[in-house]
1. If you count only protein heavy atoms with a 1.4 Å probe, what accessible area per residue comes out for the protein assembly as shown, rounded to a whole Å²?
2. Which of the lysines could a cross-linker span from residue A:20 if the Cα-Cα distance has to be under 27 Å and same-chain partners fewer than 8 positions apart are dropped?
3. Considering the dipole of chain B built from charges on the beta carbon (Lys and Arg +1, Asp and Glu -1) around the Cα centre, which of B:91, B:9, B:72 is farthest to its positive end?
4. Along Cα→Cβ at 7 Å, what distances in nm separate the residue A:85 label point from those on the other copies, shortest first?
5. About the Cα centre, and with charges only on the beta carbon of Lys, Arg (+1) and Asp, Glu (-1), how big is the dipole of chain B? Nearest 20 debye, please.
6. Contact order normalised by length for the range B:8-140, with contacts defined as Cα pairs under 8 Å and 6 or more residues apart; what percent is it?
7. Determine the sum of side-chain charges near residue A:92: Lys and Arg each +1, Asp and Glu each -1, restricted to other residues whose C-beta is under 13 angstrom from that of residue A:92.
8. First obtain the Kirkwood hydrodynamic radius of the range A:5-138 from its Cα pairs, then insert it into the Stokes-Einstein equation at 4 °C and 1.567 mPa s, and state the resulting D in µm² per second as a whole number.
Number of protein chains: 2
Amino acid sequence: MNNNRFAVAVHILSLLELMKDTRLTSEYIAGSVNTNAVVIRRIMGMLSKAGLVLTSPGVAGASLSRPTDQITLLDIYRAVQSGGQEELFAIHDKPNPDCSVGRNIQSSLENVFSQAQLALENKLSALTLDQVTTDLASKM
Amino acid sequence: MNNNRFAVAVHILSLLELMKDTRLTSEYIAGSVNTNAVVIRRIMGMLSKAGLVLTSPGVAGASLSRPTDQITLLDIYRAVQSGGQEELFAIHDKPNPDCSVGRNIQSSLENVFSQAQLALENKLSALTLDQVTTDLASKM
DNA sequence: ATTCATGTGACGATTATAGTTACAACGGTT
DNA sequence: AACCGTTGTAACTATAATCGTCACATGAAT
């Protein structure tokens with residue numbers, strides 16, 4: 001994960017929560033994030049498809065689909081993953097099957113990598129959008 | 001992290017351990033990984049710079065610098081990170097300082113992101129190369 | 001000296017991402 | 001019904017990271 005979508009997504013959702021009485025346009029959000037409005041709409045589309053926000057075509061003002069303490073960072077993280085990118089760590093394919101290590105390395109790697117990924121995901125699902133917005137609100 | 005270097009690095013180190021009585025060339029290792037020898041030498045260079053393996057220019061046969069149970073996956077993970085890439089999750093820079101959310105989002109994100117990263121790193125440092133090589137050995 | 005291996009620089013191909021332009025479709029307003 | 005602002009999305013460009021590859025200088029050993 002070294003794109004900015006995760007961070008921008010949290011930014012968007014925080015704005016929606018903290019300015020829920022205002023109907024924010026993608027243009028306005030783009031101004032806060034400091035990027036192009038289409039970038040916002042693209043990410044908003046992912047959040048919408050994941051069921052985290054509610055939008056209607058043509059009308060400004062998205063809203064969260066549920067309370068901030070029921071939206072975990074794992075929800076957001078997964079929402080902005082492109083194309084079934086389930087795995088945190090890539091494993092090289094086609095190691096040499098004629099080598100005893102090459103033949104078995106993939107399953108051994110998958111074993112440890114999935115443990116690490118699970119630790120990350122457990123933490124991400126224990127962190128909610130509420131923690132971010134509460135933190136932000138305390139600074140305003 | 002979606003390059004293969006982490007996986008290949010573990011593969012290399014596993015080979016060095018399980019065939020420690022043989023002097024492996026980068027060409028041989030490349031055959032097991034199924035890639036080019038230069039790719040192996042590049043990654044071996046990172047592992048060497050990180051102090052995980054001992055090599056000598058011009059002579060085949062690298063070796064581990066310490067026992068497998070003292071080489072954690074975090075050691076390896078960090079060794080193959082390119083250019084001071086410390087952070088797991090990127091944060092967009094230059095959010096709008098005139099917006100109360102834009103002004104504070106970075107520190108709020110850093111707060112939660114670093115908690116998640118720490119959870120991952122704790123797990124990675126609890127997993128050692130020994131676990132991988134033991135697992136591999138049991139399949140041979 | 002010859003030979004083989006490592007370490008590195010350089011280059012091309014591939015891929016992911018971010019930003020941008022353009023535009024169709026939609027809704028609310030008048 | 002016509003208009004206008006907005007969303008959703010396709011298309012294109014620029015940029016950056018990565019991998020494979022060639023080339024070659026350097027080191028070590030026979």
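1. Working: 13320 Å² over 280 residues.
Value returned for the protein assembly as shown: 48 Å² of accessible area per residue.
2. Counting by Cα, and skipping residues close in sequence, residue A:20 has these lysines nearby: A:49, A:139, B:94.
3. The residue sitting farthest along the positive end of the dipole is B:9.
4. Values, ascending and in nm: 1.1.
5. Details: 12 positive and 13 negative charges, 70 e Å.
For chain B, the charge dipole is close to 340 debye.
6. Details: 126 pairs, mean separation 36.6, N = 133.
Here the relative contact order equals 28 percent.
7. Working: positive: A:94, B:5; negative: A:87, A:93, A:110.
Charge balance in the 13 Å sphere: -1.
8. Values: Rh = 16.7 Å.
Translational D for this selection: 77 µm²/s.
The values are calculated or read from the model by the stated rules, or taken from the named source; none is laboratory data. Everything numeric in this text was worked out from a predicted model, so none of it was measured. Positions of Cβ are backbone-derived with ideal geometry, glycine not excepted, and every protein chain shown enters the neighbour counts. Please note that ligands, DNA and RNA were not included when accessible areas were found on the heavy atoms of the full protein model with its side chains. Shrake-Rupley method; radii C 1.70, N 1.55, O 1.52, S 1.80 Å.
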